[in-house]
Amino acid sequence: MLRLVWMFILLCSLASPGVHAQLSIEITGGGGNRTPIAVAPFAGENNLPPGVAAIVRADLERSGLFRGVDVPTEATALTESSAVNFSDWRARSADLLVQGSVNPVANGRFEVRFRLFDVVKQQALGGVAYTLEKNQLRATAHRISDWIYQKLTGERGVFSTRIAYVVKRGPRYELQVADADGGGEETALVSFEPIISPAWAPDGGRLAYVSFESKKPVVYVHSLRTGKRNVAANFKGSNSAPAWAPDGSRLMVSLSRDGGSQLFSVNPDGSNLRRVTSSNSIDTEPVFSPDGQSLYFTSDRGGSPQIYRMSVNGGEAQRVTFEGTYNVSPRPSPDGKSLAFITRNAGRYQVALLDLSTRQVQLLTDSDRDESPSFAPNGRMILLATVISGRGILSAVSADGRVKQRLTTSSGDVREPAWGPFVKE
Amino acid sequence: MRTIWAGLAASCAVAITACSSNPSAEQTAAKVEDRQPVTQAQAVPQAPVAAVDLTSVRPASSAASVLKDPNNILSKRSVFFEYDSFTIRDEFKPLVEAHARYLRDNASARMLIQGNTDERGSREYNLALGQKRADAMKKMLLLLGAREEQIESVSLGEEKPRAQGGDAAAHAQNRRDDILYAGEY
């Protein structure tokens, strides 16, 4: 009993902000029309370093839709209830303004309050107050960003979502989980053998992945909060490429147990194995369509690796990609209307986006060694791994190709990113 | 123990529910002194992550000495492949034949064949390509009299390169099958 209570406290303290943050984001290309927004320092936010305003501003800028307006130093005294000098903010070219405050409340907790203003129309657009523990600063700031984003765009923000990725440092492979901005990084698994293909369960609390800890690829399902793992697929031969059904009820995996690499359905606890494809070729990298009715996967049945689609119930597969001789790693957008994948283009591996209704393909990146694309749950951005100057890094590109970001670490090779689902409200 | 844990989980869940039940935002501007200007909500408890460390366990090697003798062909364990090829080249056939003979003569011997690829392209697709290389050697061993239950063919894809660096020589070193016997993995 004591051990469990202690564990809970330790787990909470592991979530403390800032200290372990390894990834930093650099915006390398921006969209055209970014709305100028001023995020004034929240009164009293010095109590909660690094402060709310900086995180919110960085979140909104990262979306590519907003540009932070520099705020005068005297603005530090402003709270959500301060009178707004609209003409002053207008003179600073701000179309939008956020004011707020941080106040200590009982039991060592804090209350963060903010309000969003339309400077042009000179009106308040609403606000929220949150009570939080000190270690929930980042989570709360991201919630504020999500609220503002949704208020202004009508669609859900992804600032509260998390990403998973693998860092290789010397002989060590670390499976990491971090906030979408790279902050609050936490280690889920450390191994001397490779870890690849992390895939988020729809509940956001578990990852499936492939670990080589037993000198061969084995698929595990790992509960992030408890660290409990179970084998989902460890059959004779290779076990890889896990993909969750949208309802979380089962995984699609690629297994070589019957010869070749073929697709199988298996429950997350390893039960109910069922063969899905029967070909004499490689069938791998399965992924469910968002409605759960179809599978996209990579196959060399036509002579070169291409993306195919078939019903989850089996049957004939239709070829989806036609241009070029190497199209792999399919990832449908959350609305199911387009498909991101990796294409080889004159010897360079790049992210392409296929519009599934018009069949038009657009190249989204200009790098050489892109891998493992992953949509944000609102479909706006695609996270990917690439190599710059011989080092693995994460990068992100907007689905329209206009916004580009780079996430770098202080050390190690970063690869295999996976963007997690929306956090439940 | 389980009960306590469930209780903690439940209290977290309550906090989450509490914040979801509230969030209709007020739409109008509030006066300066208004102390109810904003919607009340609970912060989300950040779901923490428990770390699992596998780096403290490393198995020891315990294979038969004949397999390690540098003068014995059985100590040779790697077969290399051409680009985009899954065919065992003639120069490696004596090596495969020697291992097939060993498996035939030692019914209890167990072998793991690990297929590997160079680093170009998708990790998962490379895993499948490495599997084709491992399967090719397994097939040849079976034709030469080894038994199915003695051999497991798996793939490490591009994950365990022997040579670092992206040049052609490194790629050639990395397109290979490695043979391990029980006790070595």
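The figures follow:
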| read-out | value |
| --- | --- |
| Among residues of the stretch A:346-365, those that are away from chain B (no Cβ under 12 Å) and open to solvent by 10 Å² or more (accessible area, probe 1.4 Å), counted | 12 |
| The stretch A:355-399 - residue that is in contact (Cβ under 8 Å) with a residue 24 or more places away in the chain and charged (D, E, K, R) and, of those, farthest from A:LYS168 (Cα to Cα) | A:ARG380 |
| Residue list for the stretch A:55-79, restricted to those being at pLDDT below 80 and closer than 20 Å to A:ALA124 by Cα | A:ALA75, A:THR76, A:ALA77 |
| A:ARG415 within 14 Å of chain B (Cβ to nearest Cβ), among the basic types (Lys, Arg) and either free of Cβ contacts under 8 Å to residues at least 12 places away in the same chain or touching a strand residue (DSSP E or B) at 6+ places or on another chain (Cβ under 7 Å) (or both) | yes |
| Members of the stretch B:73-105 that are acidic (Asp, Glu) and touching a residue at least 40 places away in the same chain (Cβ under 8 Å) | B:GLU82, B:GLU97 |
| A:ILE282 open to solvent by less than 10 Å² (accessible area, probe 1.4 Å), more than 27 Å from A:VAL167 (Cα to Cα) and touching a Gly at 6+ places or on another chain (Cβ under 7 Å) | yes |
| Of all residues making up the stretch A:323-345, the number that are open to solvent by less than 10 Å² (accessible area, probe 1.4 Å) and in a loop (DSSP other than H, G, I, E, B) | 1 |
| Qualifying residue in the stretch A:153-170 (condition: under 30 Å from A:ASN107 (Cα atoms), more than 9 Å from chain B (Cβ to nearest Cβ) and either buried (at least 23 other Cβ atoms within 10 Å of the Cβ) or basic (Lys, Arg) (or both)) | yes |
| Exclusive hit being under 29 Å from the mean Cα position of the chain (by Cα), more than 9 Å from chain B (Cβ to nearest Cβ) and surrounded by 20 or more Cβ atoms within 10 Å (Cβ to Cβ), set A:LEU97, A:LEU132, A:LEU125 | A:LEU97 |
| Conditions (1) closer than 23 Å to B:GLU152 by Cα; (2) touching a strand residue (DSSP E or B) at 6+ places or on another chain (Cβ under 7 Å); (3) surrounded by fewer than 23 Cβ atoms within 10 Å (Cβ to Cβ); number of the one not met by A:SER261 | (3) |
| Every pair of residues 6+ apart whose Cβ atoms lie under 8 Å, when the first sits in the stretch A:301-315 and is farther than 13 Å from A:TYR326 by Cα while the second is open to solvent by less than 60 Å² (accessible area, probe 1.4 Å) and of a type in the set (Val, Ile, Thr) | A:ARG309/A:VAL320; A:MET310/A:THR277; A:VAL312/A:VAL276; A:GLY314/A:VAL276; A:GLY314/A:THR277 |
| Residue list for the stretch A:141-177, restricted to those being part of a strand (DSSP E or B), touching a Ser or Thr at 6+ places or on another chain (Cβ under 7 Å) and not hydrophobic (A, V, I, L, M, F, W, C) | A:ARG169, A:ARG172, A:TYR173, A:GLU174, A:GLN176 |
| Lone unmet requirement of (1) surrounded by 13 or more Cβ atoms within 10 Å (Cβ to Cβ); (2) within 14 Å of another protein chain (Cβ to nearest Cβ) for A:SER294 | (2) |
| Positions within the stretch A:129-160 being in contact with a Pro (Cβ under 9 Å, 6 or more places away or on another chain), of a type in the set (Val, Ile, Thr) and modelled with pLDDT under 95, in sequence order | none |
| Those residues of the stretch B:61-74 which are open to solvent by less than 90 Å² (accessible area, probe 1.4 Å) and modelled with pLDDT under 85, in sequence order | B:SER61, B:SER62, B:ALA63, B:ALA64 |
| Strands (runs of 3 or more DSSP E) lying entirely in the stretch A:178-260 (those with 2 or more residues that are at the interface with chain B (Cβ under 7 Å from one of its Cβ atoms) and touching a His at 6+ places or on another chain (Cβ under 8 Å)) | A:186-191 |
| Hey, A:PRO373 outside any strand (DSSP E or B), of a type outside the set (D, E, K, R) and buried (at least 16 other Cβ atoms within 10 Å of the Cβ) or not | no |
| Number of positions in the stretch B:119-161 that are in a loop (DSSP other than H, G, I, E, B), within 12 Å of chain A (Cβ to nearest Cβ) and not small (Gly, Ala, Ser) | 6 |
| Criterion violated by A:ARG115 - all others in (1) at the interface with chain B (Cβ under 7 Å from one of its Cβ atoms); (2) over 16 Å from A:ARG57 (Cα atoms) satisfied | (2) |
| Verdict on B:TYR102 being of a type in the set (Ser, Thr, Tyr), within 21 Å of A:LYS236 (Cβ to Cβ), modelled with pLDDT of 95 or more and open to solvent by 20 Å² or more (accessible area, probe 1.4 Å) | yes |
| Flag for A:GLY183 being at positive phi and not basic (Lys, Arg) | no |
| Out of A:VAL351, A:VAL414, A:VAL387, A:VAL397, sole residue that is out of contact with any Leu (no Cβ under 7 Å at 6 or more places or on another chain), closer than 22 Å to B:GLY121 by Cβ, in a strand (DSSP E or B) and not assigned by TED's automatic domain parsing to the domain that holds A:GLU61 | A:VAL387 |
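Let's see how each residue does on (1) surrounded by 17 or more Cβ atoms within 10 Å (Cβ to Cβ); (2) within 27 Å of A:LEU263 (Cβ to Cβ); (3) touching a Phe, Trp or Tyr at 6+ places or on another chain (Cβ under 9 Å):
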residue: B:GLN114; (1), (2), (3): yes, yes, yes
residue: B:ASP118; (1), (2), (3): yes, yes, yes
residue: B:GLY121; (1), (2), (3): yes, yes, yes
residue: B:ASN126; (1), (2), (3): yes, yes, no
residue: B:ASP135; (1), (2), (3): yes, yes, yes
residue: B:ARG147; (1), (2), (3): no, no, no
residue: B:LYS160; (1), (2), (3): no, yes, yes
residue: B:GLY165; (1), (2), (3): no, no, no
residue: B:ARG175; (1), (2), (3): yes, yes, yes
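The values are calculated or read from the model by the stated rules, or taken from the named source; none is laboratory data. From a predicted model like this one, the values you see are computed outputs, not experimental measurements. When we count neighbours, we look across all protein chains shown, and the Cβ atoms used for this are built from the backbone with ideal geometry, even at glycine. Just so you know, the surface numbers come from the protein's heavy atoms only, side chains and all, with ligands and any DNA or RNA stripped out. Shrake-Rupley method; radii C 1.70, N 1.55, O 1.52, S 1.80 Å.
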